[in-house]
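Structure, as structure tokens:
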Amino acid sequence: MAKICFYFLLFTLVSCSFSSTKPKGEATEDEVIELVSDTEYETHSSLNLYDDTTQEQLAADITIETKVPELVFEKQTSRQEAEALVRSLSNYTVKNGETLMSISYQLYGNSIKWRELEEINQNALVDNVLPKGIVIKYYAPSTPPNFPQGRPYIVRVGDYLSKISENIYNRRSKLWPWLWENNKNNYSSPDQIFAGLPIYYLPLNNQILVEYGYKPIKSRDVASKL
């Protein structure tokens, strides 16, 4: 009887030792199988979150958001075409020795519009030369040209303002700023004075002479120089 009790006690100890080798919290095989099944169910459930109708709607929304708008190009109207809609072209008969610059000055009061005349009359120009008697087109100005006061001096080849001032005012070249002040509305720059165009000059007076560093002179002497 004592031997039987000894073997029963030994068997109990061995069983307890075997049970204690299992890590605490480790899932059994049945628990692992059950956990995998739950995970697969959740995965399939998330994949089937949207039905076919909802997925098609999402695809349509994405297509709408990423659609590139069509570009519409309108025909651009040139400056000449726009002006032609407002005013019609007029004719001008070229005189001997005239240039586009001199004609521009005569028609508009400045030489700046000579490029516009060139563009309008490309077919009439012969190697950029204006033959006498040829008829060219131009846009009539909305207001009459505003010419400077005084007498006109026709610029020659090689002229510049200080040289013109020296010729007109008896070697007083320092008066060229006064010349420019009288003509600045008809030219773009003091350096853009071209042959064939007029420079208008005023009679001298002692106030101008003193202002530019010259001695006053008698009025009759001033008149004799002009």
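Bear in mind these aren't lab numbers, they're just calculated from the coordinates by the rules spelled out. Computed from a predicted model, the values in this text were never measured in an experiment. All Cβ positions, glycine included, derive from the backbone under ideal geometry; neighbour counts span all protein chains shown.
Subtract the Cα-Cα distance of I154 and I208 from 0.36 nm times their separation in residues, and report this length gain in nm to one decimal.
17.2 nm
Can you give me the long-range amide H partners of L197? Hydrogens built in the peptide plane at 1.01 Å from N, cutoff under 5 Å, separation of 5 or more residues or another chain.
Excluding prolines and chain starts, which carry no amide H, the hits are V155.
Modelling each spin label as a point 7 Å along the Cα-to-Cβ direction, I'd like the I217/F194 distance in nm, to one decimal.
Placing both labels 7 Å along Cα→Cβ, they lie 3.3 nm apart.
Can you list residues from other chains, or at least 5 along the same chain, whose modelled amide H is less than 5 Å from the amide H of G109?
Answer set, sorted by chain and number: none.
Figure the gain on full extension for K137 and E118 (residue separation times 0.36 nm, minus the Cα-Cα span) and round it to one decimal in nm.
That works out to 5.9 nm of additional length.
Say the cut-off is 21 Å between C-alpha atoms; which of K163/K184; K184/K218; K95/K163; K95/K137; K174/K215; K113/K137 go over it?
K184/K218; K95/K163
Between V126 and S90, what is 0.36 nm times their sequence separation minus the Cα-Cα distance? Round to one decimal in nm.
Contour length minus the Cα-Cα distance gives 10.9 nm.
Counting Lys and Arg as +1 and Asp and Glu as -1, each charge on the Cβ, what is the dipole of segment 151-224 about the Cα centre in debye, to the nearest 20?
That gives segment 151-224 a dipole magnitude of about 260 debye.
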